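Q: One structure is given below, represented as structure tokens, and several questions about it will come after.
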Amino acid sequence: MALKVTKADVWAVEFPDEPGGLGRILSALAEAGANLECIIARQQADKFRAGIAFLTPIKGKKVLAAAKALMVEPAENLTTLRVEGPDSPGSCSRMVGAIAAAGINMRGVSSMTAGRNFVAFIGLESAADADTVARMLKKLDTKAPAKRKSARS
């Protein structure tokens, strides 16, 4: 099965790294009707008591208005691909290996499985890199390679 590769608009917001800091943002977006598919949040090592969250998707008039009020903005200098396909051992390894072999640097990758499929978000430095990676991944076979028979088999 071929991988499904689409561009994802990712939004970012800083929040106080304290109990409930991220929750306040997510609650306000949910109240506006947001149905977030991916949330990646972490502490910022270079800022005291600050966190950053990357969210997708942010769409719809009410959600966009809530995002603006919360200072949620499109992530700068980040083009992201959403990749979905059948999960198998090493599927992510084969993807990132193919990207590296093409000489393209990733800004980040997050991958998770859901049932028999995986979903990965791959952050890239430019739209041109994203276009190249999207074309390449659509042709990539991520199924586990067949086990080699030993000479003694």
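The values are calculated or read from the model by the stated rules, or taken from the named source; none is laboratory data. Keep in mind that this is a model prediction, so the values were computed, not measured. Here the Cβ positions follow ideal geometry from the backbone for every residue, glycine too, while neighbour counts run over all protein chains shown.
Q: Hey, which of the helices (runs of 4 or more DSSP H) in the stretch 48-145, taking only ones fully inside, have at least 3 residues that are surrounded by 15 or more Cβ atoms within 10 Å (Cβ to Cβ) and at pLDDT 95 or above? Don't jump to the end; show me each part of the working.
A: Numbers: elements: 61-69, 91-101, 127-139.
Qualifying helices (runs of 4 or more DSSP H): 61-69, 127-139.
Q: Still on this structure, please answer the following. Just the residues that are surrounded by 13 or more Cβ atoms within 10 Å (Cβ to Cβ) and in contact with a Lys or Arg (Cβ under 6 Å, 6 or more places away or on another chain), please, taken from the stretch 4-34.
A: Selection gives VAL5, ALA8, ASP17, ALA32.
Q: Here is a follow-up. Name every residue in the stretch 104-123 that is under 13 Å from the mean Cα position of the chain (by Cα) and aliphatic (A, V, I, L, M), in order of residue number.
A: Of everything in the stretch 104-123, those that are under 13 Å from the mean Cα position of the chain (by Cα) and aliphatic (A, V, I, L, M) turn out to be MET106, VAL109, MET112, VAL119, ALA120, ILE122.
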